[in-house]
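For reference, the structure is listed below as structure tokens.
The values are calculated or read from the model by the stated rules, or taken from the named source; none is laboratory data. These numbers come from a predicted model, not from an experiment. Here the Cβ is made from the backbone with ideal geometry for all residues, glycine too, and neighbour counts use every protein chain on show. Keep in mind that these areas ignore ligands, DNA and RNA; they rest on the heavy atoms of the full protein, side chains included. Shrake-Rupley method; radii C 1.70, N 1.55, O 1.52, S 1.80 Å.
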Amino acid sequence: MKNLFLLFLTLITLNISAQDSKLQLKKVFKFSTFYGAVNGGTSLSDVDIYSVTNGLQTTTVETPFDYSVTLGVRKIARFGYENRANTFYNGTENTFSDAATIGKVKGFEFLFEADYRRVQGENYLDQHHFLRYVSECGDSQCTNPICVKNFTTKVEYLEDGFADIKYFEASERYRHKIENLDKLDFLPKILKEGKLSFNVGAVQRLSEPYGYDPLEEWKLSNGNLHYTFLALEEGYTTIFNGQGDVEYFDPSGKSVATSTEVWEAVAIPEMLANYTSKKRDQQNQTIQHSLVFGFDYYYYSKTFWLHSWGNLMPWHYDDDSEFSYHKYNNGEQWMDYSGGLIFGYKYNKHLGMFVEGTYNKYWNREWHDFSLGLNYVIF
């Protein structure tokens, strides 16, 4: 996070020092929007739990209301298909195009957004920050000292608490635009009017060592887990009364089970979850260098639009570190990929359809969002 903001400020400083500082600062933040919002709503209704162990007893389980607090600043040009009528940003927008490698305009675009939310009683922190730059150089000689022709880069930090994924990513790519799509016979005629480009480059990702299994060292030769011994090492204790009864206590001394059945069904799973979470948090971040190939296509008209992009990382450098993902993948290479699709079509002035979504698979972890539907306007 800290490094991301430092890089953001460094790039802005370089851009400002190129020409008149006041004019360049105005250019950097022109059309950007700072926003903050609080949203809330009713969560799950109260649930009554009944017990007859010691006579009829009723316990009411209450789930606190849902809410989110969002702070952010963004400067991202809207594509033709995006809604331009929104007066305010409220933090609930789901803009699939933010994940695209190439924006609508050249130059700098950025997003810095943090979202703390409570959903059905569970708290999550979501963050999405990125700085994207697409070369402004044209065919004529470039006068900007930091501009490189056909170059694009994106620095990004993503934390999705709901999907349990968090990483920092930077990419540097050479971009090749296809100037004449008429030669691509496989494209329908209407799509030949769009803009298509391919890119190739390098990606660096900083994250926790995904693939690391904290329980591996506690597994027995038959594949079973020595969970009771692990619990004792974590501070759990047991007391036998000499008549075959046993009681189990957590590290704070609280009784968590009075039978082996409850111990194995309730206490042990909670202990394992806490242990694996603690061990994961203790590990240092690892950096992964990868080769990336990508594409971007965009076409828009008032009745039909298509925006699609994709990234494929087929090769990853093995630094032979203790927590390299290569070790968890049997020393073999693997495929990481991401992509997005935004499609809309209006059959006539009444009926239209749309499909939107993104999909990601990194280190064998998957997360995705999608939306599709029909609209029929009656008038």
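Data overview
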| quantity | calculated |
| --- | --- |
| Considering residues of the range 38-79 that are in contact with a Ser or Thr (Cβ under 6 Å, 6 or more places away or on another chain) and closer than 16 Å to Y124 by Cα only, the residue least open to solvent (accessible area, probe 1.4 Å) | S43 |
| Options V200, V155: the member that is under 30 Å from F112 (Cα atoms), hydrophobic (A, V, I, L, M, F, W, C) and open to solvent by less than 20 Å² (accessible area, probe 1.4 Å) | V155 |
| Out of S259, S252, S221, sole residue that is among the small types (G, A, S), out of contact with any Pro (no Cβ under 8 Å at 6 or more places or on another chain) and open to solvent by less than 70 Å² (accessible area, probe 1.4 Å) | S259 |
| Among the candidates T58, T70, residue that is at pLDDT 85 or above, outside any loop (DSSP other than H, G, I, E, B) and under 31 Å from the mean Cα position of the chain (by Cα) | T70 |
| Check on Y328, buried (at least 16 other Cβ atoms within 10 Å of the Cβ) and either among the hydrophobic types (A, V, I, L, M, F, W, C) or at pLDDT below 95 (or both) | yes |
| Those residues of the range 331-354 which are part of a loop (DSSP other than H, G, I, E, B) and either open to solvent by 80 Å² or more (accessible area, probe 1.4 Å) or not hydrophobic (A, V, I, L, M, F, W, C) (or both), in sequence order | G331, E332, Q333, M335, Y347, N348, K349, H350 |
| Counted residues, the range 86-134 - those being of a type outside the set (D, E, K, R) and in a loop (DSSP other than H, G, I, E, B) | 16 |
| Criterion: touching a Leu at 6+ places or on another chain (Cβ under 6 Å), surrounded by fewer than 16 Cβ atoms within 10 Å (Cβ to Cβ) and of a type outside the set (D, E, K, R) - qualifying residue of I190, I178 | I178 |
